[in-house]
Amino acid sequence: MSNNGSNNNNPYVHISPLQTSRPNPMDTVFGALSHCSRKVGDATRRAETVADNLWNHIRIGSSLADAAVARIVQGTKVLTLGGSDALFQQSFGVFPGENLIKSFACYLSTSTGPVIGTLYISNLRLAFCSDYPLCHYPFSLQQNHTLHYKVVVQVDHLSTASPSSNRFNPAEKYIELVTVDGYEFYFMGFIAYDKALKTIREVLQQYHNHSREA
């Protein structure tokens, strides 16, 4: 079973409004760019790998400009809210005892094409939210009602996390997630692919270790 068909009856996919009360992201774009440039300066030893992954990330989308702006806007939202933890909690709420471990820019493969967004990895859940609203309901009673594409998989519902790649282009790497009830999700275009895969596997391993001890 795969997520690349209809989303009807898929318990992990949610199309829902994103709770927001934030200023215009462009108000702090220059601050975000300055912050990013300092980060790049601190990571010169990994510059070549980061550059390759960033180019792969940007080119996957239908528009290079949209993908580049999405990364700037996402970084701006993180800075505005005070960190990835706050943005994760705003988008998905928080479970008792839940701690966000890492977040990664990536795409979710869907039947209508790749969706750009952010994958959040906590000790209890893997949660993806699109950077942009994908749907508008013009007849909604709420004006400008925007809906974001979300995928939420609890760690105890995750069976495997496996690396894969495009056989015609090995540089195009994927992370395949399979749930215990057979749903499949493919994430691609990671800026930090190896770190994302390692983090997911560590979370899954920690869950299995805890289950054996219980």
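Of the candidates Thr118, Thr110, Thr160, the single residue that is modelled with pLDDT of 85 or more, surrounded by 12 or more Cβ atoms within 10 Å (Cβ to Cβ), hydroxyl-bearing (Ser, Thr, Tyr) and not in a strand (DSSP E or B) is Thr110.
When Ala192 is tested against the conditions (1) under 13 Å from the mean Cα position of the chain (by Cα); (2) more than 21 Å from Ile15 (Cα to Cα); (3) open to solvent by 50 Å² or more (accessible area, probe 1.4 Å), the lone failure is (3). Of all the residues in the range 130-155, those that are at pLDDT 95 or above and surrounded by fewer than 19 Cβ atoms within 10 Å (Cβ to Cβ) number 3.
Regarding the range 122-129, can at least one residue be identified that is at pLDDT below 95 and either buried (at least 21 other Cβ atoms within 10 Å of the Cβ) or over 17 Å from His14 (Cβ atoms) (or both)? Yes, the range 122-129 contains a residue that is at pLDDT below 95 and either buried (at least 21 other Cβ atoms within 10 Å of the Cβ) or over 17 Å from His14 (Cβ atoms) (or both).
Looking across the range 109-122, the residues that are more than 18 Å from Val155 (Cβ to Cβ) and either of a type in the set (A, V, I, L, M, F, W, C) or in contact with a Phe, Trp or Tyr (Cβ under 6 Å, 6 or more places away or on another chain) (or both) come down to Ser109, Pro114, Val115, Ile116, Gly117. Do you know which residues across the range 166-214 are assigned to a strand (DSSP E or B) and either at pLDDT 90 or above or at positive phi (or both)? Passing the criteria: Lys173, Tyr174, Ile175, Glu176, Leu177, Val178, Thr179, Glu184, Phe185, Tyr186, Phe187, Met188. When residues in the range 148-163 are screened for being closer than 13 Å to Glu202 by Cα and in contact with a His (Cβ under 9 Å, 6 or more places away or on another chain), 0 of them pass.
The values are calculated or read from the model by the stated rules, or taken from the named source; none is laboratory data. Model, not experiment: these values are computed from the prediction. Cβ: placed from backbone, ideal geometry, glycine included. Neighbour counts: every protein chain shown. Remember, those area values only see protein heavy atoms, side chains included, never the ligands or the DNA or RNA. Shrake-Rupley method; radii C 1.70, N 1.55, O 1.52, S 1.80 Å.
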